[in-house]
Amino acid sequence: MLEAQHRHASCPAGENLVARHQPDGRAHVASGGSTLLSGGLAGRYAAALYSYADDQHVLDEVVSQMDALRRLIEQSADFRRLIESPVFDIAEARRAALAVLEQEGFGEPVRNFVGVVASNRRLAALPQIVSVFARLVAEKRGVVVAYVASAHPLNDVQRQQLRARLIEAGYGNVNIQEDVQPDLLGGLVLRVGARLYDSSLKSRLQRLQYAMKGAA
């Protein structure tokens, strides 16, 4: 169950999200139980948001805005510091986070959801919750999620080439999620389900290092 079931008069959506959690600590999903993410803190929050958005017929809007929230977290160092820093007072962090979301044009359902997360002292878990929510949506919609890590942001041509290769490999309905990791040095790391495809220079150097140790 969500740890601190705060009730905010200004956040009716937040109240509904919390209220939908069951006594056994698992979130009820109106469209059917998820086989992927029914347990764990991030899974419970993600499932509660999915259930609320589905019930209120705003699922497409929430899915789009949660993806925008993912990009905000990735691209704004200031916002990451805000949600990750333990030095901020809970009320102060909540006000600041909601002010940023309102300024960025986020709708009430996502703002209220983040308000609940903040009130429950879980802002630091927000990046994981956002990621798990995306995976839950993909599972519900039968979409394969491909996680791509690269040393530099992909350009449009590279994205098109990657999507074409994935289609050739049988992944027709695929959602590509990108992550820039400068320590990869070059190349990229692609994970689709349990399959990992690693062409990064960092990985090749590590394999070479292991081979040299084995030959010593």
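The values are calculated or read from the model by the stated rules, or taken from the named source; none is laboratory data. Because the structure is predicted, anything quoted here is derived from the model rather than measured. Virtual Cβ from ideal backbone geometry, glycine too; neighbours counted across all protein chains shown.
The C-beta contact set for segment 54-73 (first residue polar (S, T, N, Q), second residue assigned to a helix (DSSP H, G or I), distance under 6 angstrom, 6+ apart or interchain) comprises 65/110. The numbered conditions (1) at pLDDT below 85; (2) of a type in the set (D, E, K, R); (3) over 21 Å from residue 127 (Cβ atoms) are all true for residue 183 except (3).
Just so you know, in segment 182-216 the residues that are outside any helix (DSSP H, G or I) and among the hydroxyl-bearing types (Ser, Thr, Tyr) include one that is nearest to residue 171 (Cα to Cα), and it is 197. Residue 171: assigned to a loop (DSSP other than H, G, I, E, B) and either touching a strand residue (DSSP E or B) at 6+ places or on another chain (Cβ under 8 Å) or not assigned by TED's automatic domain parsing to the domain that holds residue 63 (or both), yes or no? Yes; evaluated as a whole, the condition is true for this residue.
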